[in-house]
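Data block below; observations after.
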Amino acid sequence: MGFFPRDILLPNEHGAWGMLVTAFLLGWLGAPELSRDPLLLLPAALGGFLTRYPVGIYFKKRRVTRQLGIPLKREKKWFLIYSIFTLLVGLPLLHPLGWWWLLPFTFLATLALALHLTAIIQRKERTLFVEITAMLGISLLAPAAAYAASKQFDWKIFILWILFVLFYTQRIIAIKEKVARRKETGLDIRKVGKRELIYSSLFFLAVILWMRISG
C-alpha cells in the first residue's frame, strides 16, 4: 500500500511545479526582509495549485463525458478534497493572523484561473494563451511571499514579479516554438527539460543575488 491513495489526482505538469517552487523561493528569499512568515503561506498556495488541476481535467473531459453520461466522480472528489484543504489552511491566514492583504492576490489568481479555464472550455488548451494565464496565476505567489516576509510594499517586490513574468513568458514561447519544429529538428524532450531546469536555476540565482546586493 502506497503513501498516497491510488486514485489521487496530482498535477503531472513538471513545468508548472517548477514555476510554483521558483515563485515561492524567489518571493521568500528575494524579499526586502528575510522572515519565516512566508512558510505560513505555502500550504494555502499548494492547496490552490492542487485545486485547479481536477477543475482543468473536468472541463477538458466534459466535452466527451457529458455525451456519454460519465459523471467524472474522481475529478469532483479531488476538487472537493483540495478545496477543503485550501480553506482549512487558508482561512487562519485571514483570521486570526489578519493577512487580509492576501485577498487582492487571491482575486487576481482566481481571475487568471477563470481565463485559463474559459480557454480550455473553448477547446484552446494547446494555445499560448492557456499557458500564459496559468503562469500568471502561479506568478502571484512571488510578490505574495515577498510581502508576507516584509509586510510592506516595496518597488522591488513589483520588479520581482515583472522579472518572473517576463522570464517565463519568454521560456514558454521558446519551448512552444521548439516543440512545433520537433519533427524537423529531432528534438529530445528530456534534454529540453534539463536545459530549462538550468535556465530557471540561473535566473533564480541571478535575481536573488541582485536583490541581496541591492539591499
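The values are calculated or read from the model by the stated rules, or taken from the named source; none is laboratory data. Computed from a predicted model, the values in this text were never measured in an experiment. So basically every Cβ, Gly included, is an ideal-geometry build from the backbone, and we count neighbours across all protein chains shown.
Right, I121: out of contact with any Gly (no Cβ under 8 Å at 6 or more places or on another chain) and surrounded by 21 or more Cβ atoms within 10 Å (Cβ to Cβ) or not? No: the conditions fail for I121.
Considering only residues in region 30-43 that are modelled with pLDDT of 95 or more and surrounded by 23 or more Cβ atoms within 10 Å (Cβ to Cβ), the one that is nearest to the chain's Cα centre (by Cα) turns out to be L41. Out of L111, L80, one residue alone is over 18 Å from P43 (Cα atoms) and modelled with pLDDT of 90 or more. It is L111.
Scanning region 140-173 for residues that are among the hydrophobic types (A, V, I, L, M, F, W, C), surrounded by fewer than 19 Cβ atoms within 10 Å (Cβ to Cβ) and free of Cβ contacts under 8 Å to residues at least 24 places away in the same chain yields a total of 6.
Taking the numbered list (1) crowded, with 18+ Cβ neighbours inside 10 Å; (2) over 30 Å from T106 (Cβ atoms) in turn, T185 passes all entries but (1).
Pairs are defined by a Cβ separation below 7 Å, a sequence spacing of at least 6 or placement on different chains, a first member in region 4-23 that is on the phi > 0 side of the Ramachandran plot and among the acidic types (D, E), and a second member that is modelled with pLDDT of 90 or more and outside any helix (DSSP H, G or I); no pair meets this definition. Among the residues of region 195-215, what is the count of those that are surrounded by 11 or more Cβ atoms within 10 Å (Cβ to Cβ) and either of a type outside the set (A, V, I, L, M, F, W, C) or outside any helix (DSSP H, G or I) (or both)? Count: 6.
Looking across R212, R171, R190, one residue alone is out of contact with any Gly (no Cβ under 7 Å at 6 or more places or on another chain), of a type in the set (K, R) and over 29 Å from Y147 (Cα atoms). It is R190.
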